[in-house]
Amino acid sequence: MSGTAQIGVTGLAVMGRNLARNFARNGFTVAVHNRTAAKTRALVEEFGEEGSFVAAESPEDFVAALERPRRLVIMVKAGEATDAVIREFAPLLEKGDVIIDGGNAHFEDTRRRERELRERGIHFVGVGISGGEEGALHGPSIMPGGSAESYESLGPLLERIAAKAPDGTPCVTHVGPDGAGHFVKMVHNGIEYADMQLIAEAYHLLRTVAGYSPEKIAETFRDWNTGRLDSYLIEITAEVLAHVDAATGKPFVDVVEDEAEQKGTGRWTVQIALDLGVPVSGIAEAVFARSLSGHAELREAARSLAGPAANPLGEKEAAAFAAQVEQALYASKIVSYTQGFHQVQAGSQNYDWDVDPGAVAAIWRAGCIIRAAFLDRIRAAYDAQPELPSLLSDKRFGDEIGAAQDDWRAVIVAAARQGVPVPGFSAALAYYDALRAERLPAALTQGQRDFFGAHTYRRTDREGSFHTLWGGDRSEVSTG
């Protein structure tokens, strides 16, 4: 078998199959392989007319079908399954060949694999791919991390299959070395968790406080999607809320168990944020909200606890409240993106990746789950000020949130009075207020730490570290 394929895909479950089809539809000859050969044959039989495929039933045939430098995409389950595929194929490759992991790998695994394969002269590229099954087929947002040399070889292919932003720019960029691509994809998913939680809270408020039906809320979200909240998640929310269950005739959302599941990337985002010391409180609340929803026995045991009963508003008041919810949702979403981009910048600095936040915003404008109209403004803000410490420091975003804050606060007050949990909205506002506060109560916390653990403190009036001798005359000593 001669090396005629420009790219190869091994692992032909839905994502791998659609990605292979995307390459073929864009004019590339694609070698395809799966551990179960029947899947390989089925793909070629069903979709062979879409482009040029080379079916390979053995790893040796698969590698032989690839032109040099070989580009081999792995689309299997993250973790040990990915390591097993690497162990199988790496001995068949040569110096300069490229292995691409398109799964949802933990970025630390990607860093390890890149280091190990680099020692053998093989490039390893961890590629974050967002957009689900449809994105893989029609154009995802792609976040590759690896050596600059590997991107020279791989980049032109990825640019062809990636989603295109409204200005025609491919939604792919070389994010940075080793694990940078999978790190940015992880943060993308963390923002996605927060975004979905905020939308769910807006729905809950409109349903419970405004007294709207799912159909009416769907209309509201469709209206919001024509303005500054224009985004994929707002768009599909309207679709989900408008859907009627065929079996019962009830709104779809009323026949689905209210237990949200998760695959782990949101948890990774929070765990790594803790390691980096980055406050991602909105993302954390979204992760915990999903976790709490799944504790059915705990929720059942607490259902009789005292609290206010919901008292839906009248029609005129409900319309005014819905406008306030739009303000709260927009402001809270901006905070979620602010926290996510802060984590990207912190990770870049910690791992010496030199990630460009403006370029990240640019490739999230289409194809990915969190694509939204205001990402173009986020890109512009970072392009104008690459060292922007926070999105909230950008004048336009700061002014918008300042204008929204009265309604934002009113919504949270209304939620508390009617017993509607809004952890995402509340965490976002608390983050905003904490950032703008001249002093936080952390001085007391540090005093407590010095009292029970002699952890020392710094003073506002002179340099150095100090400790108070709390047990005696409480004199102060300098510790350096």
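The values are calculated or read from the model by the stated rules, or taken from the named source; none is laboratory data. Being a predicted model, the structure only gives us computed values, none of them experimental. Positions of Cβ are backbone-derived with ideal geometry, glycine not excepted, and every protein chain shown enters the neighbour counts. To get the accessible areas, we keep the full protein, side chains included, count just its heavy atoms, and leave off ligands, DNA and RNA. Shrake-Rupley method; radii C 1.70, N 1.55, O 1.52, S 1.80 Å.
Values computed for the structure shown
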| item | result |
| --- | --- |
| Qualifying helices (runs of 4 or more DSSP H) (wholly inside segment 378-480; at least 2 residues being modelled with pLDDT of 95 or more and within 23 Å of residue 289 (Cβ to Cβ)) | 395-418, 423-436 |
| Every residue from segment 437-457 that is surrounded by fewer than 11 Cβ atoms within 10 Å (Cβ to Cβ) and charged (D, E, K, R) | 438, 439 |
| Some residue of segment 343-352 being in contact with a helix residue (DSSP H, G or I) (Cβ under 6 Å, 6 or more places away or on another chain), under 15 Å from residue 182 (Cα atoms) and part of a loop (DSSP other than H, G, I, E, B) | no |
| Wholly within segment 1-76, helices (runs of 4 or more DSSP H) carrying at least 2 residues that are among the small types (Gly, Ala, Ser), open to solvent by 10 Å² or more (accessible area, probe 1.4 Å) and free of Cβ contacts under 8 Å to residues at least 12 places away in the same chain | 37-47 |
| Filtered residues of segment 354-378 (kept if crowded, with 21+ Cβ neighbours inside 10 Å and over 14 Å from residue 232 (Cβ atoms)) | 355, 357, 360, 361, 362, 363, 378 |
| Residues located in segment 248-303, provided they are open to solvent by 70 Å² or more (accessible area, probe 1.4 Å) and of a type in the set (Ser, Thr, Tyr) | 248 |
| Criterion: crowded, with 17+ Cβ neighbours inside 10 Å, small (Gly, Ala, Ser) and within 23 Å of residue 194 (Cβ to Cβ) - qualifying residue of 424, 419 | 424 |
| Where residue 218 falls short, out of the listed (1) more than 15 Å from residue 336 (Cβ to Cβ); (2) in contact with a Leu (Cβ under 8 Å, 6 or more places away or on another chain); (3) open to solvent by 60 Å² or more (accessible area, probe 1.4 Å) | (3) |
| Boolean, residue 310 is assigned to a helix (DSSP H, G or I) and more than 25 Å from residue 264 (Cα to Cα) | no |
| Strands (runs of 3 or more DSSP E) contained entirely in segment 81-194, each with at least 2 residues that are open to solvent by 10 Å² or more (accessible area, probe 1.4 Å) | 123-130 |
